[in-house]
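Colleague: Next up is a structure, given as structure tokens.
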Amino acid sequence: MQKLAFLLPLLVSVHVGCSQQKDDPKPSPTNPVTPVKVAFTDKDATQAYNTFNTYFYSPNDKLYYATTEKKDIGAIWTQAVYWDLAQDAYKRTKDPAYLQLVNDIYTGGLKKYDQYNWNNKTVWFIYDDMMWWIVSLARAHQLTGNATYLSTAQAGFQHVIDGSFDPGDGGMFWDFQHSGKNSCITFPTVIAAMTLYNITKDPAYLDKAKTIFNYGRNNLFNNSTGRVADNNINGSIDWTNYTYNYGTFIGAATMLYQQSQDQGYLTDAKKAADYTWHNVSDTAGILPAEGDWNEQGVLKAIFAHYLMNLVNDGGQTQYLPWIRNNINTAWGNRDPSRGLTYRNYNVVCPSGNIQSYEASSAVEFMQVCPPAQ
């Protein structure tokens, strides 16, 4: 992430956390207005993505601005999420302009982040920042066949394993100081390992994925309820709910299920999805408005990608009405003049300066979830 001073509040709130309670209070609907009733279409999904790019993409930097003011480029790890968004938009539309954008974003990152030099501890200062990019690089190889994307992902994966993996218990440290083991590095690492395994068929990747997932399941997951913790600091578990942790747990479990057909992985993924639906969302099923002017606004974009993996690769179509309800609520509450969506799906998007982080998640949902027919 770009600047340590800018990120310090987020690092404390997202990656370290302070909540030790077993159950957070259930959110309530916060909508002060009646949303416009909509049923989003494929055309709306394209419009939403194009609008997001109009207000946030920098053609010169080939990366995304932090806000609609277009002053500063957004945080390093969120650029990987936006790269996933571009890839998902291309997969949905097969529009060659989006494929060009996929390749351009790689070039932007190459220039901005020291040629993806994983040893640069100024560019990279926590392991999960690297892992978001490693996952996206591997996916970009699957999409384009570009061998450089794959070799860069493999080098990054090995670098993170060498520095973060704890061979004693199979866990992953999230920071260079090894202060704790967090979901934000654990489950993305499983996803990266499984993606690389699917590409290369190297069993070492599969072995790492299983080992790290087992640690996460035993130390960052409540098997009875499906709740996913934020972190485990020397045995002290922080159960604060963040949607990206639910998403990456679901994605990791689904990928392991798809490879093994072990129903246990699918059961775990469904438990986490059900917990998110019935306990993290409000009473109307709307996901929480994470990200009060910080990078947490992007978390639901990550959740969107992996929940749809469960739907598509795990055959769990029962989640589609819930997902579409969230999309339709957010899209109905878009900024009426600009067409931008907001982190809080239950309120109309503000007309002033907003962040790319908080504008991104509904757009990602629309790229991966098909409209109701």
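Colleague: With within 17 Å of the chain's Cα centre (by Cα) and more than 27 Å from residue 197 (Cα to Cα) as the only criterion, which of 97, 66 stands out? Step through it out loud before you land on a result.
Modeller: Values: 97 fails: within 17 Å of the chain's Cα centre (by Cα).
Exactly one residue qualifies, and that residue is 66.
Colleague: Okay, next question. Can you go through 197, 215, 205 and tell me which one is touching a residue at least 60 places away in the same chain (Cβ under 8 Å) and aromatic (Phe, Trp, Tyr)?
Modeller: Being touching a residue at least 60 places away in the same chain (Cβ under 8 Å) and aromatic (Phe, Trp, Tyr) holds for just one of 197, 215, 205, which is 197.
Colleague: In the stretch 161-183, which residues are under 18 Å from residue 138 (Cβ atoms) and out of contact with any strand residue (DSSP E or B) (no Cβ under 8 Å at 6 or more places or on another chain)? First the steps, then the outcome.
Modeller: Residues of the stretch 161-183 that are under 18 Å from residue 138 (Cβ atoms), as a first pass: 161-162, 164-165, 172.
The answer is 161, 162.
Colleague: While we're looking at this one, here's another question. Those residues that are under 14 Å from residue 136 (Cα atoms) and among the aliphatic types (A, V, I, L, M), I need them from the stretch 67-88; list them, please. Give the steps one after another, and end with the answer.
Modeller: To start, the set of residues in the stretch 67-88 that are under 14 Å from residue 136 (Cα atoms) comprises 76-88.
Residues satisfying the conditions are 76, 80, 81, 85, 86.
Colleague: Sticking with this one: Scan the stretch 90-113 residue by residue and report those that are of a type outside the set (A, V, I, L, M) and within 10 Å of residue 62 (Cα to Cα).
Modeller: Looking only at the stretch 90-113, we keep the residues that are of a type outside the set (A, V, I, L, M), and these are 90-96, 98, 100, 103-104, 106-109, 111-113.
Passing the criteria: 103, 104, 106, 107, 108, 109, 111, 112.
Colleague: Is it true that residue 136 is at pLDDT 95 or above and in contact with an Asp or Glu (Cβ under 9 Å, 6 or more places away or on another chain)?
Modeller: yes
Rundown of residues vs (1) out of contact with any helix residue (DSSP H, G or I) (no Cβ under 9 Å at 6 or more places or on another chain); (2) in contact (Cβ under 8 Å) with a residue 60 or more places away in the chain, yes/no style:
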{"position": "303", "(1), (2)": "no, yes"}
{"position": "314", "(1), (2)": "no, yes"}
{"position": "320", "(1), (2)": "no, no"}
{"position": "328", "(1), (2)": "yes, yes"}
{"position": "341", "(1), (2)": "no, yes"}
{"position": "351", "(1), (2)": "yes, no"}
{"position": "354", "(1), (2)": "no, yes"}
{"position": "358", "(1), (2)": "no, yes"}
{"position": "364", "(1), (2)": "no, yes"}
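Colleague: For the structure I just gave you, tell me whether residue 62 is charged (D, E, K, R) and either modelled with pLDDT of 95 or more or within 26 Å of residue 245 (Cα to Cα) (or both).
Modeller: So residue 62 passes the test.
Colleague: I've got another one for you. Within the stretch 257-272, can you find the residues that are closer than 18 Å to residue 219 by Cα and not basic (Lys, Arg)?
Modeller: 264, 265, 267, 268, 269, 272
Colleague: Then there's this: Find all pairs meeting these conditions: Cβ atoms under 6 angstrom apart; at least six residues apart or on different chains; first residue within the stretch 274-300 and at pLDDT below 95; second residue in a helix (DSSP H, G or I) and among the small types (Gly, Ala, Ser).
Modeller: 291/297
Colleague: Let me ask another. Among the helices (runs of 4 or more DSSP H) lying completely within the stretch 169-271, list those that include at least 2 residues that are hydrophobic (A, V, I, L, M, F, W, C) and surrounded by fewer than 20 Cβ atoms within 10 Å (Cβ to Cβ).
Modeller: Filter on the stretch 169-271 gives 203-219.
Colleague: Next question. Sort out which residues of the stretch 32-52 are free of Cβ contacts under 8 Å to residues at least 12 places away in the same chain and outside any loop (DSSP other than H, G, I, E, B), and write them in order of number.
Modeller: Within the stretch 32-52, 43, 50 meet the criteria.
Colleague: Would a scan of the stretch 100-110 turn up a residue that is over 28 Å from residue 44 (Cβ atoms) and either aliphatic (A, V, I, L, M) or at pLDDT below 95 (or both)?
Modeller: Yes, that holds for at least one residue.
Colleague: From the residues in the stretch 25-53 that are among the aliphatic types (A, V, I, L, M) and more than 22 Å from the chain's Cα centre (by Cα), which one is modelled with the lowest pLDDT?
Modeller: 33
The values are calculated or read from the model by the stated rules, or taken from the named source; none is laboratory data. Keep in mind it's a predicted model, so treat the numbers as computed, not measured. With ideal geometry, Cβ positions are generated from the backbone for all residues, glycine too; neighbour counts draw on all protein chains shown.
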